Amino acid sequence: MTGPVQVLVVGFGEPSLSGEILAELTRLGDAGVVRLLDVLLVSRTENGDLETLPAPPGADPDLGRLAAAFLTAAEDEEGQAGQGATDPTAWSLDGAVLPGGAAAVALIEHTWAQPLVLAIRSAGGRMVDETWLAPDDLELLDRLAGKAQ
């Protein structure tokens, strides 16, 4: 992989995953924006156990295999998934999936960023941290940008 890989966890109030998100990620892949490496679908039982959900109809039957193997290996190597990353809880599903809820865990390579990553490396730099702004932060940024104009 040469582009940055994101672990994207999307939570749902109930396990009724329709495949719309997978279809959009596929569309973005076809457009060359991202490469969907895998998606793992999980639910949390009322007693707190995580369970793997089947792939949506028409999806690859191996859907989720790579993501599950990666998350398991990351936990085995580090003692806790995501340990050693800038955000030690980045790959943890503990707080992301509420009892009775579900989540899609996508491994997404941002292929659009490959030239940027190569330029950073060529200049002697390295990725130190990254984050996505939360909705409240986006609203603040919009307000501040509006004031600056």
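The values are calculated or read from the model by the stated rules, or taken from the named source; none is laboratory data. Every value quoted in this text rests on a predicted model; they were computed, and no experiment measured them. Counting neighbours? That spans all protein chains shown, and the Cβs are built from the backbone with ideal geometry, glycine included.
Structure values in brief
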read-out	value
Residue among Leu50, Leu36, Leu66 that is at pLDDT 75 or above, surrounded by 11 or more Cβ atoms within 10 Å (Cβ to Cβ), in contact with a Gly (Cβ under 7 Å, 6 or more places away or on another chain) and not charged (D, E, K, R)	Leu36
Answer residue from region 3-25, given it is within 18 Å of Pro54 (Cβ to Cβ) and of a type outside the set (A, V, I, L, M) and is modelled with the highest pLDDT among those	Phe12
Whichever residue in region 48-62 is part of a loop (DSSP other than H, G, I, E, B) and in contact (Cβ under 8 Å) with a residue 40 or more places away in the chain and, among such residues, is nearest to the chain's Cα centre (by Cα)	Leu53
Some residue of region 115-122 being exposed (fewer than 12 other Cβ atoms within 10 Å of the Cβ), at pLDDT 90 or above and within 17 Å of Gln6 (Cα to Cα)	yes
Subset of region 110-135 (residues that are part of a loop (DSSP other than H, G, I, E, B) and on the phi < 0 side of the Ramachandran plot)	His110, Ala123, Gly125, Arg126, Met127, Val128, Asp129, Glu130, Thr131, Trp132, Leu133, Ala134
Set Asp129, Asp142: member being loosely packed, with under 11 Cβ neighbours inside 10 Å and closer than 23 Å to Val34 by Cα	Asp129
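A quick yes/no check of all residues on (1) in a loop (DSSP other than H, G, I, E, B); (2) crowded, with 17+ Cβ neighbours inside 10 Å; (3) at pLDDT below 90:
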site: Glu46; (1), (2), (3): yes, no, yes
site: Thr72; (1), (2), (3): no, no, yes
site: Glu75; (1), (2), (3): no, no, yes
site: Gln83; (1), (2), (3): yes, no, yes
site: Thr86; (1), (2), (3): yes, no, yes
site: Val97; (1), (2), (3): yes, yes, yes
site: Ala104; (1), (2), (3): no, yes, yes
site: Ile108; (1), (2), (3): no, yes, no
